[in-house]
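Student: Pasting a structure below so you can have a look.
The values are calculated or read from the model by the stated rules, or taken from the named source; none is laboratory data. Computed from a prediction, not measured in an experiment: that's the story for all the values here. Glycine also receives a Cβ, built like all others from the backbone with ideal geometry; neighbour counts cover every protein chain displayed.
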């Protein structure tokens, strides 16, 4: 029998998932544009920033997830974390060449120094964001759902990155992101909204009814890495490994996506092209969670990966607006529905009452490993990328469509998983 979830739960899920993803969109998609436009960052700079942020996210989630299990508390980590997350986003308004150059006049290269400071502040921001969202909010979501409703909840949760992209694109589409003043607006508005949501959470979120763990915080931290735990939860770790491969595929192209649309394809109006694709993919992802509840992971995840692969093929082959729109729609629909599939199956296989200590493990496979491997592959693919000369005499690289071919090859590495699931299903039927 399906467990009904309260309206209060759904409001908290939608609000905190959406605003959290808005903040992550600014980091994952716009920080790359920020250091590219403002400080002429290279592929190596972007790769280093993604990798450093991935380490910060993984370590934070492991530590805070274990601590929240030890204390039996989620709400305070969510609300305080969101408030401090917003403060650090606002702090990016200080990263300007005029301000940093005046503050540290002896710097050999102000732009290079600003890139370094951006990476450092990104790690600080990630600490608070992962505390609030990756560790506490995701553990709260696992605590608050069960196998009868998790697919529907995860469908809403998984569609939020696309809704967030639409909100950020639409909200800032008229800003000239080649100007420092535009970034001041972005960081001020997003930082303020995240702070307000964190404060509202004290009144909205119902605390998870979990018992504080009897084991110490250190044992909670290492729990998911113990060989005995791996043996006891073998299927969980198989799904985590597959999730890592899925996200490596995404991280090969995602750091360069906006730059590719705007600079390589010359689509200055890429927001107008992307908005309909984002809306359609968001609706599709919200409904897809119910497919998972009814048909299970094997069917839903295979369909999602096939959609993703079809999108890669379209984006690799075509350069004009309509095919790029179709490819983007397929790619985003496959990406977000796949995130819903993996998110739900991982929650289904997470031991009851241990959601906090397993969130860090999830981030290792979802963020840390892909954050190193994916951007490194992307940077390697773009090692011979074309460079253009900017109006100020500096040079910037142009991403090319080979990033989608590399992402497709990575996604095809999931084939053994689906073959194994098919054989398992066939064996089960024969035994019956």
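Student: If you take the residues of region 228-239 that are within 14 Å of residue 417 (Cβ to Cβ) and either touching a residue at least 24 places away in the same chain (Cβ under 8 Å) or under 18 Å from the mean Cα position of the chain (by Cα) (or both), which of them is surrounded by the fewest Cβ atoms within 10 Å (Cβ to Cβ)? Explain how you work it out, then say what you get.
Tutor: Just the residues of region 228-239 that are within 14 Å of residue 417 (Cβ to Cβ), to begin with: 234-239.
Filter once more, keeping what is either touching a residue at least 24 places away in the same chain (Cβ under 8 Å) or under 18 Å from the mean Cα position of the chain (by Cα) (or both): 235-236, 238-239.
Working: 235: 11, 236: 22, 238: 15, 239: 21.
Going through the qualifying residues, I end up with 235.
Student: Count, please, the residues in region 324-337 that happen to be surrounded by 24 or more Cβ atoms within 10 Å (Cβ to Cβ) and within 19 Å of residue 415 (Cβ to Cβ).
Tutor: Qualifying residue count, region 324-337: 4.
Student: Quick check on residue 150: is it over 30 Å from residue 335 (Cβ atoms) and in contact (Cβ under 8 Å) with a residue 60 or more places away in the chain? It would help to see each step written out before you state the result.
Tutor: Numbers: over 30 Å from residue 335 (Cβ atoms): no; in contact (Cβ under 8 Å) with a residue 60 or more places away in the chain: yes.
No.
Student: Still on this structure, I have one more. I want to confirm something. Restricting to region 173-186 and keeping residues that are free of Cβ contacts under 8 Å to residues at least 40 places away in the same chain and not in a helix (DSSP H, G or I), which single residue is surrounded by the most Cβ atoms within 10 Å (Cβ to Cβ)?
Tutor: If we filter region 173-186 for residues that are free of Cβ contacts under 8 Å to residues at least 40 places away in the same chain, which is where we start, we get 174-176, 179, 181-182, 185.
If we keep only those that are not in a helix (DSSP H, G or I) as well, we get 174-176, 179.
On the way: 174: 8, 175: 14, 176: 9, 179: 12.
Among those that are free of Cβ contacts under 8 Å to residues at least 40 places away in the same chain and not in a helix (DSSP H, G or I), it is 175.
Student: Same structure again: Could you grab me the full set of residues in region 264-300 that are assigned to a helix (DSSP H, G or I), modelled with pLDDT of 85 or more and within 22 Å of residue 37 (Cα to Cα)? Lay out the reasoning, then the answer.
Tutor: We begin by selecting, within region 264-300, every residue assigned to a helix (DSSP H, G or I); these are 264, 270-295, 297-300.
Those still in the list that are modelled with pLDDT of 85 or more too: 264, 299-300.
Residue satisfying the conditions is 264 alone.
Student: Which residue, of 170, 155, is under 30 Å from residue 269 (Cα atoms), out of contact with any helix residue (DSSP H, G or I) (no Cβ under 6 Å at 6 or more places or on another chain) and either touching a residue at least 12 places away in the same chain (Cβ under 8 Å) or surrounded by fewer than 23 Cβ atoms within 10 Å (Cβ to Cβ) (or both)?
Tutor: Values: 155 fails: out of contact with any helix residue (DSSP H, G or I) (no Cβ under 6 Å at 6 or more places or on another chain).
Answer to the selection: 170.
Student: Let me ask something else about it. Might you check whether a residue that is assigned to a helix (DSSP H, G or I) and surrounded by fewer than 17 Cβ atoms within 10 Å (Cβ to Cβ) occurs anywhere in region 240-255?
Tutor: Going residue by residue through region 240-255, those that are assigned to a helix (DSSP H, G or I) are 240-255.
Still in the running and surrounded by fewer than 17 Cβ atoms within 10 Å (Cβ to Cβ): 241.
Yes; the residues of region 240-255 include at least one that is assigned to a helix (DSSP H, G or I) and surrounded by fewer than 17 Cβ atoms within 10 Å (Cβ to Cβ).
Student: Looking for something out of contact with any helix residue (DSSP H, G or I) (no Cβ under 8 Å at 6 or more places or on another chain), buried (at least 18 other Cβ atoms within 10 Å of the Cβ) and either at negative phi or assigned to a helix (DSSP H, G or I) (or both) - is there at least one such residue anywhere in region 26-40?
Tutor: The first filter runs over region 26-40 and keeps only residues out of contact with any helix residue (DSSP H, G or I) (no Cβ under 8 Å at 6 or more places or on another chain), leaving 37.
Keeping just the survivors that are buried (at least 18 other Cβ atoms within 10 Å of the Cβ) gives 37.
Subsequent filtering for residues that are either at negative phi or assigned to a helix (DSSP H, G or I) (or both) retains 37.
Checking region 26-40: at least one residue is out of contact with any helix residue (DSSP H, G or I) (no Cβ under 8 Å at 6 or more places or on another chain), buried (at least 18 other Cβ atoms within 10 Å of the Cβ) and either at negative phi or assigned to a helix (DSSP H, G or I) (or both).
Student: Turning to a different aspect of this structure: Please work out if residue 198 is at pLDDT 85 or above and touching a helix residue (DSSP H, G or I) at 6+ places or on another chain (Cβ under 7 Å).
Tutor: In short, yes.
Student: Out of 117, 94, 141, I need the residue that is surrounded by 21 or more Cβ atoms within 10 Å (Cβ to Cβ) and out of contact with any helix residue (DSSP H, G or I) (no Cβ under 6 Å at 6 or more places or on another chain). Which one? Spell out the reasoning first.
Tutor: Details: 117 fails: surrounded by 21 or more Cβ atoms within 10 Å (Cβ to Cβ); 94 fails: surrounded by 21 or more Cβ atoms within 10 Å (Cβ to Cβ).
Answer to the selection: 141.
Student: Sticking with this structure for a sec: For region 312-323, what are the residues that are touching a residue at least 24 places away in the same chain (Cβ under 8 Å) and either crowded, with 24+ Cβ neighbours inside 10 Å or within 29 Å of residue 297 (Cβ to Cβ) (or both)?
Tutor: Within region 312-323, 312, 313, 315, 316 qualify.
Student: Quickly run through region 262-290 and pick out the residues that are closer than 27 Å to residue 343 by Cβ and buried (at least 19 other Cβ atoms within 10 Å of the Cβ).
Tutor: Pass one, region 262-290, residues closer than 27 Å to residue 343 by Cβ: 274-290.
Listed by number, the residues that qualify are 274, 277, 278, 281, 282, 284, 285, 286, 288, 289.
Student: I've got another one for you. Does at least one position in region 306-318 carry a residue that is outside any helix (DSSP H, G or I) and out of contact with any helix residue (DSSP H, G or I) (no Cβ under 9 Å at 6 or more places or on another chain)?
Tutor: Our first condition is that a residue be outside any helix (DSSP H, G or I); within region 306-318, this holds for 318.
Keeping just the survivors that are out of contact with any helix residue (DSSP H, G or I) (no Cβ under 9 Å at 6 or more places or on another chain) gives none.
Among the residues of region 306-318, not one is outside any helix (DSSP H, G or I) and out of contact with any helix residue (DSSP H, G or I) (no Cβ under 9 Å at 6 or more places or on another chain), which makes the answer no.
Student: Oh, and also: Is it true that some residue in region 204-227 is under 20 Å from residue 20 (Cβ atoms) and assigned to a helix (DSSP H, G or I)? Quick ask: steps written out before the conclusion?
Tutor: Narrowing region 204-227 to residues under 20 Å from residue 20 (Cβ atoms): 204-208.
Then keep just the ones that are assigned to a helix (DSSP H, G or I); that gives 204.
Looking for residues that are under 20 Å from residue 20 (Cβ atoms) and assigned to a helix (DSSP H, G or I), one finds at least one in region 204-227, hence yes.
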